[in-house]
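The values are calculated or read from the model by the stated rules, or taken from the named source; none is laboratory data. Bear in mind the structure is a predicted one, so any value in this text is a computation, not a measurement. Cβ: placed from backbone, ideal geometry, glycine included. Neighbour counts: every protein chain shown. Heads up: the accessible areas ignore ligands, DNA and RNA and are worked out on the full protein's heavy atoms, side chains in. Shrake-Rupley method; radii C 1.70, N 1.55, O 1.52, S 1.80 Å.
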Amino acid sequence: AAGVAMFMRGVPVSAQDATPAATGDLSFTSMTAAEASAQTFAAFPMEEIGTPGGKVIMGDLASSSLTTTNQMLANNSPTLPVMALVFESLVGSSPVDGQYIPGLADHWTIAPDGKTYTFTLREGVTWHDGTPFTADDVIFSMDIQKNPDTGSSYTGQFVAAVDTYTKIDDLTVEIVAKDVLAQVVFFGMAYAPIMAKHLWENVAPADWKTDPGSTGEDASRVIGTGPFKFVELSASDAVARFAPNADYYDKTAVSQIEEFIFQPWPDETSAIEALRAGQIDFYENVPPSDVASLDAEEAIDVALYDTFSFSFYGTNLDPEKTTLFQDVKTRQAMAYAIDRQSIVDNIQLGFAEVAQGSQPTLSIAYAPDKIKTHYTYDPEKAKSLLAEAGWTDSDGDGVVELNGQKFEFEIMYGSGSATSDQIVAYVQEAWKAVGINATPSPVDFGAVLVPAITENFNYTLAFLGLNWDVTG
């Protein structure tokens with residue numbers, strides 16, 4: 001459970017811009033770090049470890065391997081949660097209920113205006129090289145996050161939410177939001193990871209991506225405050241190694257293992273076989289088709305739990321890239337053409353739910369009864385909407401066209417997942433039935449898909465997954 005708490009503390013979160021207007025006294029004081037720790041131990045009773053040592057190996061897909069060793073530049077899973085073992089932020093996630101708890105902050109308060117946040121930092125925290133952690137590191141990290149030259153994927157969200165941030169003293173930071181936005185306190189590892197000022201202040205923001213501390217080539221520059229220290233990232237097989245931080249400020253969370261290893265595998269099939277063979281210790285997002293057989297094995301336990309994640313496809317609405325999706329009726333038609341319940345039943349085998357709105361089911365904001373438009377499976381309505389948007393099959397080849405342009409494109413998605421392959425193949429057939437020609441295009445997630453959706457925008461339609469958080 002202590003390991004779970006460490007891992008969850010830095011799990012990336014992303015809150016959508018749907019916070020309702022609020023009035024009155026909005027003051028709030030969070031639980032303290034000690035109270036959060038007590039809550040975790042109460043929920044997960046633990047015994048003294050019998051024999052310390054050993055290794056824990058986490059498996060994942062090679063197409064989703066670590067893209068950087070600099071948390072400020074991380075923008076995918078597993079990079080965000082794995083590097084969160086090294087780097088921390090002011091807040092983290094509770095393994096008990098997913099709510100937000102202190103991280104590097106001992107606690108925080110919100111003023112009556114609902115916009116002014118005061119973070120009181122933990123005392124006695126040091127960076128892995130022994131340098132004291134202070135408010136200067138927090139202010140420096142926010143300066144870097146705000147600078148577009150740094151290359152963070154979350155600069156836009158940070159700038160949109162934060163008005164000012166100020167050092168009050170060495171252990172106190174004040175952040176003022178531009179509006180009453182719940183996500184200001186819930187930045188997590190994505191929006192505001194804390195980086196060591198003394199190591200990075202002389203590196204130009206534009207040079208952060210190529211710095212040896214970001215590529216993993218120089219372990220002495222991959223310095224955080226977290227429960228694990230970075231050891232190495234192998235250039236040949238992308239295996240990353242981490243060692244416990246014996247000087248971690250939270251002594252209840254000091255790991256008793258000797259090494260944590262992140263090991264990518266070529267595809268889901270080889271990863272699951274490695275799990276069966278005991279070559280890896282845990283693997284997230286087990287394919288639905290393997291759940292029953294894995295759970296039947298004596299040495300393996302499959303944990304089923306709800307998450308804040310959902311799968312979706314995103315269309316490129318930049319007319320300079322493509323003009324296929326400009327009309328809202330076109331996009332609505334694409335949604336009505338897909339039998340999402342069939343995906344849940346026949347591909348996810350019941351280990352999912354049809355999304356009703358964009359709020360995760362675990363969120364307090366989840367209210368499917370308030371969603372006015374439900375995109376139920378209705379291929380005839382899809383065809384009708386396409387016709388209303390001007391799409392016709394003038395040459396009878398089964399593919400509709402508009403102004404001489406065929407409705408055809410590639411579905412870009414991360415390779416290596418049999419489940420994703422099945423979903424994309426089904427969507428391809430569903431759209432084909434209404435006159436849309438979509439071609440699956442599996443690509444390397446970190447090397448191709450992430451830059452396509454965050455940097456160069458060279459995609460037409462992308463199939464993705466995303467995590468919200470408890471703020472919903």
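Of everything in region 370-412 that is farther than 17 Å from Asn437 by Cβ, modelled with pLDDT under 95 and not polar (S, T, N, Q), the residue that is surrounded by the most Cβ atoms within 10 Å (Cβ to Cβ) is Tyr375. For region 304-352, the set of residues classified as over 17 Å from Val424 (Cβ atoms), open to solvent by less than 70 Å² (accessible area, probe 1.4 Å) and of a type in the set (A, V, I, L, M, F, W, C) consists of Phe308, Leu324, Phe325, Ala333, listed by residue number.
Restricted to region 283-294, and to residues there that are of a type in the set (A, V, I, L, M, F, W, C) and crowded, with 16+ Cβ neighbours inside 10 Å, the residue that is nearest to Ala418 (Cα to Cα) is Val286. Taking the condition open to solvent by 80 Å² or more (accessible area, probe 1.4 Å), under 26 Å from Leu304 (Cα atoms) and among the charged types (D, E, K, R), does Glu429 pass? Here the answer is no, as Glu429 does not meet what is asked. With respect to the conditions (1) touching a residue at least 40 places away in the same chain (Cβ under 8 Å); (2) part of a loop (DSSP other than H, G, I, E, B), Phe260 lacks only one, and its number is (2). Taking the stated definitions as given, is Leu385 among the aliphatic types (A, V, I, L, M), assigned to a helix (DSSP H, G or I) and at negative phi? Criteria met by Leu385. Screening Glu35, Glu48 for residues that are surrounded by fewer than 18 Cβ atoms within 10 Å (Cβ to Cβ), among the acidic types (Asp, Glu), assigned to a helix (DSSP H, G or I) and modelled with pLDDT of 80 or more leaves exactly one candidate, Glu35. Filtering Ala274, Ala243 for residues that are of a type in the set (A, V, I, L, M, F, W, C) and farther than 22 Å from Ser63 by Cα leaves a single hit, Ala243.
Give all pairs with beta carbons closer than 8 Å in which a residue from region 210-234 that is on the phi < 0 side of the Ramachandran plot and at pLDDT 95 or above meets a residue that is of a type in the set (D, E, K, R) and open to solvent by less than 10 Å² (accessible area, probe 1.4 Å); count only pairs at least 6 apart in sequence or on separate chains. Pairs found: Gly224/Glu88; Thr225/Glu88; Gly226/Glu88. Could we say that Gly151 is more than 21 Å from Asn456 (Cα to Cα), touching a residue at least 60 places away in the same chain (Cβ under 8 Å) and touching a Pro at 6+ places or on another chain (Cβ under 9 Å) here? Answer is no for this residue. The single condition from (1) among the charged types (D, E, K, R); (2) within 25 Å of the chain's Cα centre (by Cα); (3) part of a loop (DSSP other than H, G, I, E, B) that Asp421 fails is (3). Being outside any loop (DSSP other than H, G, I, E, B) and surrounded by 20 or more Cβ atoms within 10 Å (Cβ to Cβ) is a description that does not apply to Val448.
When region 304-332 is limited to residues that are in a loop (DSSP other than H, G, I, E, B) and charged (D, E, K, R), the one that is farthest from Ile343 (Cα to Cα) turns out to be Glu320. For Ala192, the stated conditions do not hold, so it cannot be described as over 21 Å from Phe133 (Cβ atoms) and among the aliphatic types (A, V, I, L, M).
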